[in-house]
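A short worksheet on the structure shown next.
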Amino acid sequence: MDILHQHEVFEIKVLDRLNRAKLLDPLVFGGGSMLRLCHELNRYSVDLDFWFVRKTSQPTFFERLQTALAEEYEVTDAQIKHFTLLVEIRSSTYPKRLKIEIRRKQKECDFQTKIAFSHFSTQQVLLKAHTLDQTMRNKIDALLDRGEIRDCFDIEFMLRRGTELPDLSMGQVKNLMKRTTGFKDKDFKVKLGSIVDSDTRIYYAQNRFGYLVEKLNTVSASGR
């Protein structure tokens, strides 16, 4: 089992630990790891991202989170930051550290009950997760904000799964097109190449985000 597969097993074990400690109750799971573990996204993500969906005493929750994780893992970093709660842990069994990040601001979002699982683990975890429509909106905001190639990859993945683009202004479409077509060869070979399998890496090095570009062109032509 390679390092990324081992890390995925680590993520499932941590989700199970959080679930047993009732720490997932006020949270909704989102981001790239959610897409992989709940929808079989064909790229790896090395962090667990959550959002609060219920009013919670964050200092108390943060203390409980550290205590529960410290029972099984070494806590290598723990901070209450301006926008997030952050805990990083390490296990003697797995090679990579795992970062758990929880957005502090509570806001309305669409979520559903999903099962997080891995083909490399026998464990499954029932939890709340962002819907694909919500994740699409989140990923578009992220791509426009930070311009990371992984966000573009995730958007195209969801489009192929049948998730529609939300209503976008022409300015947003223009900026998304600029982001989508602006990645360099190094972005595909190194940044994206390090988190996908070899066949997927070859495909995207050759075709880039042609499917997403086609969808954006359709939106632009329709003028919506």
Degrees between helix 3-20 axis and first principal axis of the chain (Cα, 0 to 90, nearest 10): 60
Which order do peptides 41-48, 30-37, 108-115 fall in by mean Cβ count within 10 Å, highest first? 30-37, 41-48, 108-115
Only helices counted: for the chain, with every DSSP H run of 4 or more residues adding -39500 (n - 2.57) and the sum spread over all residues, [θ] at 222 nm is -14500 deg cm²/dmol
Taking region 19-75, how much of its Cα-Cα pair set, in percent, is spaced more than 19 angstrom apart? 39
Viscosity 0.890 mPa s, 25 °C: Kirkwood-radius Stokes-Einstein D of region 120-175 over Cα pairs, µm²/s: 193
How much solvent-accessible surface does residue 136 expose, in Å² to the nearest 10, with a 1.4 Å probe and all protein chains in place? 0
Peptides ranked, highest mean first, by Cβ atoms within 10 Å: ranges 91-100, 51-60, 187-196, 147-156: 147-156, 187-196, 91-100, 51-60
Where both partners of a DSSP beta bridge lie in region 45-104, what percent of those bridges are antiparallel, to the nearest 5? 70
How much of the DSSP beta bridge set in region 50-157 is antiparallel, as a percent to the nearest 5? 90
Working out 0.36 nm times the residue gap between residue 105 and residue 203, then minus their Cα-Cα distance, what length gain in nm do you get to one decimal? 31.5 nm
At 1.4 Å probe size, what's the solvent-accessible area of residue 72? Round to the nearest 10 Å². 90
For the pairs 114/215; 107/178; 105/174; 96/189; 81/174; 81/189, note any where the Cα-Cα span goes beyond 31 Å. 81/174; 81/189
Taking a ≥ b ≥ c as the square roots of the eigenvalues of the Cα gyration tensor, with a/c under 1.5 meaning rounded and otherwise prolate when a/b exceeds b/c and oblate if not, region 1-112 is oblate
Name the shape class, rounded, prolate or oblate, that the alpha-carbon gyration tensor gives for region 56-132, where a ≥ b ≥ c are the square roots of its eigenvalues, rounded holds for a/c under 1.5, and otherwise prolate holds if a/b is larger than b/c and oblate otherwise. oblate
Over what distance in Å are the Cα centres of region 58-113 and region 149-224 separated? 30
Rounded to the nearest 5, what is the percent of antiparallel bridges among the DSSP beta bridges in the chain? 80
Taking all protein chains together and a probe of 1.4 Å, list 40, 71 from the most accessible to the least accessible. 71, 40
Measure nothing but the geometry: give the 0 to 90° angle between the long axis through the Cα atoms of 198-207 and the longest principal axis through the Cα atoms of the chain, rounded to 10°. 30
Which shape class applies to region 101-210: rounded if a/c is under 1.5, otherwise prolate when a/b exceeds b/c and oblate if not, where a ≥ b ≥ c are the square roots of the Cα gyration tensor eigenvalues? oblate
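The values are calculated or read from the model by the stated rules, or taken from the named source; none is laboratory data. In this text the structure is predicted, and so the values were computed from the model without any measurement. Glycine also receives a Cβ, built like all others from the backbone with ideal geometry; neighbour counts cover every protein chain displayed. Ligands, DNA and RNA are stripped out before the accessible areas are found, and what is left, the full protein with its side chains, is counted by its heavy atoms. Shrake-Rupley method; radii C 1.70, N 1.55, O 1.52, S 1.80 Å.
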